C-alpha cells in the first residue's frame, strides 16, 4: 500500500477540522457560546452533529472487526447503538431539553437540589468520558501504524493534540460545524468504498462463506463464546439504556431551541444512524470471506479495499477510509473532550473560560496516558464497557428523575454509587487483567444485566425509605420538565450555573 | 386515550366546583363597604388552569399528573413493544433453531432482520411516537388554555 495517499488523507482531515474549528473562533466569545453555541444550531445540523459525534472508532472500525471475529451475535452492537436513541427519544429527550441543563450534573442538581448528587454525577461523567476516549486514541495509533508504519503512540498524540487545540480555541460552536461535517464524511468514507468492494466481489463470482462459517459464524448464539445468551442480553441492555447516559450526547440536546425540536432532532438522528449502521455488517461479512484470519481485526475496514481491489484505486479507497476513521477519532474525541472539560471546569476548577481551557488539557492527557500504557483491547469492547457504566448510573437517574416524583437525593446518590461503582469495578478488572473465562468472565465483560437492575432497585428502595428528602421543588420541576413551551406557566427560576 | 381525557376533565370539573363552593362559603359571612367599583375583580373569580398549576393547587396537580401519566404510558408502550421485539429475537433464535437457517434471497434470516430491517422499523416507531407525543401535548395545551 502506498503510504503517501494515507498520509495525505490524514493531513487533509486534520487540516479541515482545524480550519472549520478556526472559522467558528470568531463566533464564540462568551462562556455561554463555548458551552452551547448559544442555541442557534438548526435541527439538521444538530442531528448531523449528534451523528458525527456519536459514530466513534468503535462504530467505524470496531463493529466490522467484531463481526468478522464473532459473527452474527455482534450484529446486536450496532442495533443497540441505534435503538438506544429510540429509548432516549421516548423517555428522556424532550424533558431533558426542557430541564435547561447543559450537563448531566446540571440535571442532577436541578432535579434533586443536592450538591452531593451533583458531585457524584460529575465524577461519573469524567470516568465515562475517559473510558470512552481511551480506545479512540488507541485506535488512532493502530490506524496510523497500519497506514504509514508510524509507532503506535503517534496517532493517539496527534488526535489528542488536534482535539485539545480545537476545543480550546472554538468551544462548542465550532465543534457543531466540525461534527456535522464529520458525519457526512464518515458515511461517504464507508459507503463509497463498499460500492466498489461489492462490485469487485461480484466480479470475483460472488464467493460465499465457507461451509463451516455458514453453519456456525453466520448464525446467532452458535459462536465459541461461553454464556452467549447472557452476553447477548447484557449487551442489549447496556447499549439500549447506556446511550442516554453518555455525557457528549446530552450536551447536544441543549442546542435545540425547545423540547419539541429535541424530539424531532432525535428522530433525524435515528435515521442518520440507521443508514450508517447498515454498512459495517457488510464489511464484516466480506472480511470473513476474504481475510478470515486477519491479525488486528479492528483494521478490517482499512484492509479490504487494498486486498480486494488493489492498485491505484485500492490505494485511493484505503485513503478515503483512513480519512473517515480519523474523522471518527476527531469527532468523538472532540465531543467527549468538550463534555469532560465542561464538567472539570465547572465542578472541579473555578469555572469560566480559562478554567475550561485548563480542563480541556486535563480531559485529553489522562486518557492519552491510559491509552499508551494499557493493553489494547478490541475498541468496540472498551466502548461497550463505557455504555455499561452509563446504563448503570445515569439511565436510572434520568428515567426516575424525569418520571418519578418520589425520587430523593439519598436514593439517587445510593443508586449512582451502587450501579456506577459495580460497573466501574467490573470495567477496571476487565481492562487490567481480562478477558476472563467462565461465568465470572461473562459477568465482568458484560456487567449491565446485573448492575442496571441493581442501580434501579437501590434508587427506588432508598428513595422510598427516605421520603423526607424528596426535593421541595419537585412539583415545579415536573412542570418545567413536562409542559410544552407554548404554555405560559411558572417553571421556576433554576438556571445552570455558567452563562 | 379519549376516555382518559374524559376522566381527567370530569375530575377537573369536580375540583373546580368544590373550589368555587369553598370560595363562596368563605365570602358569605364577610360584609364590606364598597369604596370603589372593582370591575376587574369579577373576571378573576375563576382561576385559569395555568394559574392553578403555578400556585400548585390540588387542581393544578391533577392537570400535571394527567399530562405526565399520559406521556409516561405512551413511553412505556413504545418501550414494551421494543423490549418484546429486541428481547424476543434472541429467545426466538434459541428456541426455534430452524429460524436461524432460513434464507431470504440467499441471506440468513438473522442478518436480514438485525443488519437491515430493524433500522427502518426503529425510525417508523420513532416517527409514530413523536406524532403521538406532540398530539398529547396539544391536547394538554387545549385543556389548559381553553379554560
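The values are calculated or read from the model by the stated rules, or taken from the named source; none is laboratory data. Because the structure is predicted, anything quoted here is derived from the model rather than measured. In this analysis, Cβ positions are derived from the backbone assuming ideal geometry, glycine residues included, and neighbour counts consider all displayed protein chains.
Quick rundown of the values:
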item	result
Boolean, residue A:308 is under 30 Å from residue A:161 (Cα atoms) and surrounded by fewer than 24 Cβ atoms within 10 Å (Cβ to Cβ)	no
Among the candidates B:62, B:123, B:78, B:86, residue that is within 30 Å of residue B:10 (Cα to Cα) and facing chain A (nearest Cβ under 9 Å)	B:78
Scope region A:193-207; condition exposed (fewer than 12 other Cβ atoms within 10 Å of the Cβ) and either in contact (Cβ under 8 Å) with a residue 40 or more places away in the chain or in a helix (DSSP H, G or I) (or both); matching residues	A:195, A:202, A:203, A:204, A:207
Those helices (runs of 4 or more DSSP H) lying entirely in region A:413-499 with at least 2 residues touching a helix residue (DSSP H, G or I) at 6+ places or on another chain (Cβ under 6 Å), over 30 Å from residue A:232 (Cβ atoms) and away from chain B (no Cβ under 14 Å)	A:448-465
Qualifying positions in region A:279-316 - more than 27 Å from the chain's Cα centre (by Cα) and not in a helix (DSSP H, G or I)	A:291, A:292, A:293, A:309, A:310
Residue match in region A:238-250 (condition: in contact with a helix residue (DSSP H, G or I) (Cβ under 7 Å, 6 or more places away or on another chain), within 11 Å of chain B (Cβ to nearest Cβ) and surrounded by fewer than 22 Cβ atoms within 10 Å (Cβ to Cβ))	no
Residues (over 30 Å from residue A:400 (Cβ atoms) and either away from chain B (no Cβ under 11 Å) or in a loop (DSSP other than H, G, I, E, B) (or both)) located in region A:214-237	A:216, A:217, A:218, A:219, A:220, A:221, A:222, A:223, A:224, A:225, A:226
Options A:371, A:341, A:390; residue that is over 17 Å from residue A:122 (Cα atoms), in contact with a helix residue (DSSP H, G or I) (Cβ under 6 Å, 6 or more places away or on another chain) and surrounded by 24 or more Cβ atoms within 10 Å (Cβ to Cβ)	A:371
Number of the exception - residue A:211 against (1) at the interface with chain B (Cβ under 10 Å from one of its Cβ atoms); (2) more than 18 Å from residue A:66 (Cβ to Cβ)	(1)
The lone exception for residue A:334 - which of (1) under 24 Å from the mean Cα position of the chain (by Cα); (2) closer than 28 Å to residue A:422 by Cβ it fails	(2)
The listed residue being within 30 Å of residue A:212 (Cα to Cα) and modelled with pLDDT of 85 or more, out of A:300, A:340, A:291	A:300
